[in-house]
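Each reported figure results from applying straightforward, stated rules to the coordinates on display, with no laboratory input. Remember, predicted model here, so these are calculated numbers, not experimental data. In this analysis, Cβ positions are derived from the backbone assuming ideal geometry, glycine residues included, and neighbour counts consider all displayed protein chains.
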Amino acid sequence: MVGMEAYVILSAVLFVLGAMGVMMRRNAILVFMSVELMLNAANLALVAFSRQWSGVDGQVFVFFVITVAAAEVAVGLALIVTIFRTKQSINIDVLHQMEG
Amino acid sequence: MIDVPSFAELNLEVALPGIFLALFTTVLLIVDLFIPKDRKITTAHLTIGALVVAFVLNLPAFNAGETAMNEMFIADAFAGFVNMIVITGAIITVLLSVDYMKRSGIEHGEFYSLLLFSVSGIMFMGSANDLIVVFIALELLSIPLYVMAALRHDDVKSEESGIKYFILGAFASAFFVYGAALIYGATGTTNLPEIFRAIAGADGIVATENSAMIYLVIGAAMVIVALGFKVAAVPFHMWTPDVYEGAPTPVTAFMSVGAKAGGFAGLLRVMIIGLPLLVVNFGDAVETMAIGETITVPSAWQTALWLIAAATMIFGNFIAISQTNVKRMLAYSSIAHAGYILMAVAAVGTVQITKVAENDYTMVAVYAESALNGALVYLLAYTFTNLGAFAVVMSLENNDGSGTMLDDFNGLSKRHPLTAAMMAFFMLSLIGVPTTAGFIGKFLIFDAAIQAGLIPLTIIGVLTSAVSAYYYVRIIVNMYLKDAAVTDEAVGLTPYVNYATIVAFAGTLIFGLFPMLALDLLASSGAQIATLLF
Amino acid sequence: MTFGDFTPEAFAFGFFTILTLGGAFGVVGSRNLVRSAVWLMVSLFGIAGFFVLLSAPFLAAVQVLVYIGAIGILITFAIMLTRSMTNLKERFNKQWWLAALAALTAFLLLMVTVIVPTWGEMGAEEIPPTVASTAQLGEAFFSGWGYVLPLEVASLLLTAAMIGAIVIAREDD
């Protein structure tokens, strides 16, 4: 039997990997894909906890997360494509935008 | 079997303002198709009408103190007050948008629908009683804002502002979901009052020797990070200046008050209803307490919020000093103001423990009520004041987005005396000078923080307020003591913008002179929360 | 069929772990956007596998259909529409080492604070063998209108997103 902690560790690793992707990559689409990884890490944790509590609340939450992800992808990719049309580049420096 | 309850069991009438606005928005999408392109002002009028109706519907639901839709929704004074703030803010925003959208060539009927979607998201956020609802409402308030920020197609800055806001917003959402997952993992429920009960435990005191505790602490931290992004708290503020500068000004104005109100509504809901008693380290005092004795301890997240609030106030105010673009300056000032409200949230985290009998304790977040009142009144004052300031900035803004530099305010008192006088009043309110609404908000928050024993934080708050006077007064000096190099007409000073400025001015003045108006509305909120929980 | 402690479930867990984490590393490290997208789908597929292991078969199906099917394809489309960007010269931004350091610190912190104290305690707990069937999930959603509010708000959200995407994408006329 694979224990609960294995799932929690795995989701934590996946979440941190996604967060690293968001902070390290420059390309907007890649940053967005890393956000999807983070959301999936959260989904994994939710389903695992749902199993642990023998309830369905966690699974229902995952449904809503997937819905939200779909909505985000629609708006986000539209934005990315539009900005590419005007700028011919979709590089962002999320942490590098301070102008003081 | 599927059990279908009667309509009455859902208790929909207490959720009427939100439901009405959401329904109206979808209808407006269709109605707008039949409004000719040169008469989009009708859409704006319909929007204002709907907002006024929602405001009226909000009045009977105000003090219902009831839950609806299977405990997912709660209508209490807190929800009613948040609704009031955001509806008023939205009305002013629509007034600001009408001419601005037209003269910058981005007049779309969908703009108003998107605005209303965002408003209903904030309203559901204020009434959320479940982590799932908080999450979905957070998205409903954010996604339209990403679009609205990028509305100026001709301007790369606006598109960049939309995409930056989107990426950091999505990043923050992921944090929220993971935090909510950990809280669910620790307590087995997503319902906020049930989370509270699960934490408080059977004997009235939280079990700290528990692995679930660690999940809770990290979960709470992640929720704070996520909502910290939404309210632009340091160090999660990096999107704010660019987004505020790039977005169309009415959208910036709405973002600075609406998204902030929504973020704080969510934060307060989660912290006050769900996690106020999350105490990790009781120290030795609890063991040696005599029966009947009372001690206060900080909750696990208070120190974190303390640091964030202090950093936000210091950073926001000091960087604002060096700004020459007023729109950007207001962005940093909006960061700073988030710090003051965070101070109130931190004040909630002071927990009082009383030993009733052997092995029987009670834990109460005693300052939740005064902190909540402070935060809400501050939000109300900030909404009026900041929207007013943005209205004035907008009236000076040219069609291409220029004209918002500090020097553009030179000699405004001679060209437009009334506008200049109102701007001066807004600036005084942002500093927190008595007779303005801003003073009442600051006073209540400092008071709550001192009661909760956060003396150093209060001192930082007072000192940074004094610093902020420097850059706010500079605008007044420019308007009254300097002469203008150019005397071109303020193109944005249209009747609608004037109405917006006057409404904002009236709000700032009235709540400054008669703070009891707001406090009476809130009088029952703390008691309600207390009866719900204990 | 067991090989000592090495049960089929443990084998499946290991397999999906490799898929998920390998895919994630691929997304974060790849130089080519299209490859990143494919790695993302591999990773999402691994997650779907975990859903099956955690007896959430319906969610696994949704994961494959919506996440890999719809979202994955949308991302691929976006990459194609911005195709001059597929080969990236600069992989990371200028602060990548700072970000990596921060993330690693956070990770170690997470490991030390979450895992170490919970390992023995929770690992000893057996996961309850309940299977939430699709029917149960449906009932949870609709019986007694349990989730009527989030469902309705989610539908509003989808409407708003659709309108928003149209507003952004359409040419000004």
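Results, tabulated for the structure shown:
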read-out	value
Amide H contacts under 5 Å for B:THR296, placed H, 5+ residues apart	B:ILE353
Count of Lys pairs (Cα-Cα under 16 Å; at least 8 positions apart or interchain) in segment B:10-533	6
Angle in degrees between helix B:16-33 and the longest Cα principal axis of chain B, rounded to the nearest 10	30
Karplus (6.51, -1.76, 1.60) ³J(HN,Hα), θ = phi - 60°, over segment B:229-235, in Hz, Gly and Pro reported as x	4, 5, 8, 6, 8, 5, x
Centroid-to-centroid separation of segment B:4-22 and segment B:407-442 [C-alpha atoms, Å]	42
Whole-Å semi-axes of the ellipsoid equivalent to segment B:10-533 (Cα gyration tensor, √5λ, descending)	39, 26, 20
Residue-averaged beta-carbon neighbours from other chains (10 angstrom radius) around B:218-224	1
Residue-averaged [θ]222 nm for the protein assembly as shown, counting only DSSP H segments that reach four residues, each worth -39500 (n - 2.57)	-23000 deg cm²/dmol
Most fluctuating residue given options A:VAL16, A:VAL35, A:VAL75, as computed from a GNM of chain A linking Cα atoms under 10 Å	A:VAL75
Per-peptide average of other Cβ atoms within 10 Å, ordering C:96-107, B:364-375, B:243-254 highest first	B:243-254, B:364-375, C:96-107
Net charge of neighbours whose Cβ lies under 15 Å from the Cβ of A:ALA70, counting Lys and Arg as +1 and Asp and Glu as -1	-3
Segment B:13-97: chymotrypsin sites (Phe, Trp or Tyr not before Pro) falling in loop per DSSP and having at most 14 other Cβ within 10 Å	B:PHE34
Helix B:326-348 vs. chain B, principal-axis angle (Cα, 0 to 90°, nearest 10)	20
With Cα atoms, 0 to 90° folded angle of helix A:57-87 axis to chain A main axis	10
Computed FRET value (nearest 0.05) for B:VAL491 with B:GLU9, which takes r as the C-beta separation and R₀ as 51 Å	0.40
√(5λ) per eigenvalue of the Cα gyration tensor, the protein assembly as shown, largest first, Å	40, 32, 25
Under-5 Å amide H pairs with B:GLU66, H placed in peptide plane, nonlocal only	B:ALA75
